[in-house]
Amino acid sequence: MTNISIIIPVMNEAENIAALHQEIVEVCEHHGYRYEIIIVDDGSTDETAQIAAKLRPVKLVCFQKNFGQTAAMDAGIAHAKYDYIVTMDGDRQNDPHDIPRLVAYLEENRLDAVSGWRVNRRDKTGKRLVSRGAHFLRRMLLKDGIHDSGCSLKIYRRSCFDHVRLYGEMHRFIPALLKIKGFKIGELPVNHRPRVAGRTKYDWRRTIKGFVDILSVWFWNKYAVRPLHLLGGGGLVCLLMGMITIAYTFFLFLRGEDMSNSAFPLLAAFLTITGIQLFVSGLLADVLMKIYFEKTNDTAYTIREVIENDTEQHGRNEPAGQSARTAAVRKAQS
């Protein structure tokens, strides 16, 4: 039997939540899933929480105030108990009837996560243009192979979140974070419906946060375990340029040129100080990353499986390796 935890972050979706819940229940009951529906109320100021509390079945998580969609997804994942985790928006634009297709695609292709791809988006032109710009930047920096990372309709195996915590606007980049960890990611075209009630929560501030988080994920992908390579390398380049500028400035001074109105002394000082600061920052970042990996359950690698063959001791209480070597010697002697 397929076990699914369905996570729905909501804020001021009183007009949509009951109908969406009913759709999800019908789909899950029709396919015989063992399921739970987790609604995370992200500080709604309307009747969303009160309406959600009356639904059955439901697990309702209510925030004290609005913390954002990423925090709501992280809280929902923390409360999920089943093997598969499905995330979706609460505005009814994601179609619950796509859930069985995501499950089948995940299992048939032995993937760890599948992201929905809204091929025919039913959003306003401005929102689509911003998404295309974000896609271009993400494809250039992250190269996660996902066309529509902003689609909330996704399915994951629970093991994906053993070493992943979400913050900022990172819910958009979960596939990229998982790919960094070595998980297998897929994408499936899904239905996208127009919003029929309520108001969109997306604005220019979320767009800016999304672009900043792309840079954060890029840095984590490239330099999380070696920040000194980026900052220290940049520092050494600045120091080298500073030394060259100092040498050239000294050469001009020996030629008798007036350096009081020249920019070279200031440029030499700027490059030298910047180089030292970058290199020291790289050393500090390197120390902090070592502390991070030592103090958390995160690792710089992900283990898919461990296979142990003949790890027990053999013969006359010899270690397994020693026993194998002894057997080989005896065979050679015979």
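Bear in mind these aren't lab numbers, they're just calculated from the coordinates by the rules spelled out. Owing to the predicted nature of the structure, the values given are computational and were not obtained by experimental measurement. So basically every Cβ, Gly included, is an ideal-geometry build from the backbone, and we count neighbours across all protein chains shown.
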Order of Tyr292, Tyr105 - criterion: other Cβ atoms within 10 Å of each residue's Cβ, fewest first: Tyr292, Tyr105
Nitroxide proxy distance, nm - points 7 Å out along Cα→Cβ at His147 and Asp258: 6.7 nm
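Which trypsin sites (Lys or Arg not before Pro) does region 22-99 hold that lie in a coil by DSSP with at most 13 other beta carbons within 10 Å?
On the way: sites: Arg34, Lys54, Lys59, Lys65, Lys81, Arg92; in loops: Lys54, Lys65, Lys81, Arg92.
In loop regions of region 22-99 (DSSP not H, G, I, E or B), the sparsely surrounded trypsin sites (Lys or Arg not before Pro) are Lys54, Lys65, Lys81.
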Using the Karplus equation 6.51 cos²θ - 1.76 cosθ + 1.60 (θ = phi - 60°), what ³J(HN,Hα) coupling, rounded to whole Hz, does each residue of region 110-119 give in order, writing x for Gly and Pro? 6, 9, 9, 7, 10, 9, x, 10, 7, 4
Could you calculate the contour length gain from Asp162 to Ala104, that is, 0.36 nm times the residue separation minus the distance between their Cα atoms, to one decimal place in nm? 18.6 nm
Taking Asp112, Asp286 and counting other beta carbon atoms within 10 angstrom, the fewest-first order is Asp286, Asp112
Can you list residues from other chains, or at least 5 along the same chain, whose modelled amide H is less than 5 Å from the amide H of Ile7? Ile38, Val86, Thr87, Met88
Please give me, ordered by residue number, the chymotrypsin sites (Phe, Trp or Tyr not before Pro) of region 17-65 that lie in loop per DSSP and have at most 12 other Cβ atoms within 10 Å. none
